[in-house]
Ligand code: GLN
């Protein structure tokens, strides 16, 4: 039997890669390898074509407002393909800036509105002269799993239709510091503000993503 393989896309990996988010790709490769599955990854960045059929997993990392503004423009050219991938239950991990841009918009710290692609129904406002910075712990009731990480964001995100938080905040601020939610899950798209990187600090979440990918691709 041919070797199983996970084909991963690191979306804008050369522009959005704050706080060691790259480590999420290393962790996915590690967990795949432990299960005898090969892991291939490719950066798809600005001016490059994104073909959803080429990938079993997308990682969309965090960034500063400046990089997000550049990515936002290009992202509109990939909007249709990405939305289709998400609706078809393709697996995505989106962190911080990437999370914000899958929603309707993000208001940057200087007040500029940075358009997202509205693939998910959340939106992100800006806080005046404040950032949410520090350690976070969240609990996902449905999975009965706890995740830890580090947050550093100005944006405050409010979830919309069809989205559930990735977890309930037990330490830290989370999406907006008000409703106790952190991150978002929509179909097989997982979003979070947690850096660290989240998968290296939470191997059980990496395992969950790998399992979903393999089930979707090979369990017929
Ligand atoms: N620039 C965004 C914010 O401050 C995202 C930051 C990040 O990706 N860490 O909210």
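Please treat every number below as a calculation from the coordinates, not as lab data. Everything numeric in this text was worked out from a predicted model, so none of it was measured. Cβ: placed from backbone, ideal geometry, glycine included. Neighbour counts: every protein chain shown.
Filtered by the rule that a residue be surrounded by 20 or more Cβ atoms within 10 Å (Cβ to Cβ), without any contact (Cβ under 8 Å) to a residue 60 or more places away in the chain and either closer than 22 Å to residue 107 by Cα or within 13 Å of the ligand (Cβ to nearest atom) (or both), the range 177-207 gives 181, 182, 185. Would you check if there is a residue in the range 39-55 being within 16 Å of the ligand (Cβ to nearest atom), surrounded by fewer than 22 Cβ atoms within 10 Å (Cβ to Cβ) and either in contact (Cβ under 8 Å) with a residue 40 or more places away in the chain or within 14 Å of the chain's Cα centre (by Cα) (or both)? For the range 39-55, residues within 16 Å of the ligand (Cβ to nearest atom), surrounded by fewer than 22 Cβ atoms within 10 Å (Cβ to Cβ) and either in contact (Cβ under 8 Å) with a residue 40 or more places away in the chain or within 14 Å of the chain's Cα centre (by Cα) (or both): absent. If you filter the range 121-141 down to residues that are away from the ligand (no atom under 16 Å from the Cβ) and in a loop (DSSP other than H, G, I, E, B), you find that the one that is nearest to the chain's Cα centre (by Cα) is 121.
Listed by position, the strands (runs of 3 or more DSSP E) inside the range 1-120 whose residues that are closer than 29 Å to residue 132 by Cα number at least 2 are 5-11, 57-60, 91-95, 105-107, 113-115.
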